[in-house]
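Asks: What follows is a structure written as structure tokens; I'll ask about it next.
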Amino acid sequence: MLQRGMNFRITPKYSVILLSQRPNAPYTDKIYPDGITLEYEGHDVTKAQSSNPKGVDQPEALPSGKLTENGKFIEAVKKHQNGAEPELVKAYEKIKDGIWSLKGYFDLIDYRIVNNGQRNVFRFILRLSEREASNFDSIQPDLAHTRLIPTQVKKEVWERDGGKCVLCEETKNLHFDHDLPFSKGGTSLSAKNIKLLCMKHNLQKSAKIE
Ligand SMILES: [Zn+2]
């Protein structure tokens, strides 16, 4: 499930997206020069739906009428534009194969449909959220600090945990997880407070504490 880039309301309080900025990534996501705005490309049809997913419009709904993840994100944008709070989106960025890093919490504020000459794709516009810390994630109340785990510490944790989730030994989609919130004395400077978790276990932990 988490292999998908877009996960609408994976918890009752937020959605999750995965960012790919590697040169050969299948989708083009970008961060604006302001440093707080993110443009995130919607998802293609599946290979079961088309033999050439990059050749057809990105889908808002399935043939049955059921909304795709694109459609759910669009619906959330429309609700926001009618006055509702924006959908809160937790974004993870792939650092390298198997290593995911929390980029931050974003408000989903807009979308547009872009035609690249061949087909229509969705581009979702997200802005770094002010709501992140206090209301939504008691594990990481100070993202400004927790995000900055020094590379040396990451390497140390990676080697100590053997490149695996410490709970299930999963080797894909790993996340550097803080045992203690920064506000309670957890620090990014020491490997002692940090362990490797797969994305599933990281999200389960967040969900429990909320
Ligand atoms: Zn795990």
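Asks: Of the residues that make up the stretch 73-93, is at least one assigned to a helix (DSSP H, G or I) and in contact (Cβ under 8 Å) with a residue 60 or more places away in the chain?
Replies: yes
Asks: I'd like to know if the stretch 121-130 contains one or more residues that are modelled with pLDDT under 85, within 23 Å of residue 165 (Cβ to Cβ), part of a loop (DSSP other than H, G, I, E, B) and open to solvent by 50 Å² or more (accessible area, probe 1.4 Å).
Replies: The answer is no; no qualifying residue exists.
To keep it simple, each residue is scored yes or no on (1) open to solvent by 70 Å² or more (accessible area, probe 1.4 Å); (2) modelled with pLDDT of 85 or more; (3) within 13 Å of the chain's Cα centre (by Cα).
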| position | (1), (2), (3) |
| --- | --- |
| 8 | no, yes, yes |
| 31 | no, no, no |
| 38 | no, yes, yes |
| 61 | no, yes, no |
| 68 | no, yes, no |
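Asks: Here's something else I'd like to know. Sort out which residues of the stretch 160-180 are of a type in the set (A, V, I, L, M, F, W, C) and either in contact with a strand residue (DSSP E or B) (Cβ under 8 Å, 6 or more places away or on another chain) or within 13 Å of the ligand (Cβ to nearest atom) (or both), and write them in order of number.
Replies: 165, 166, 167, 168, 174, 176
The values are calculated or read from the model by the stated rules, or taken from the named source; none is laboratory data. Predicted model, so just to flag it, every value in this text is computed and none were measured. Quick reminder, even Gly has a Cβ in these numbers, built from the backbone with ideal geometry, and neighbours come from all protein chains shown. For accessibility, only protein heavy atoms count, side chains too; no ligands or nucleic acids. Shrake-Rupley method; radii C 1.70, N 1.55, O 1.52, S 1.80 Å.
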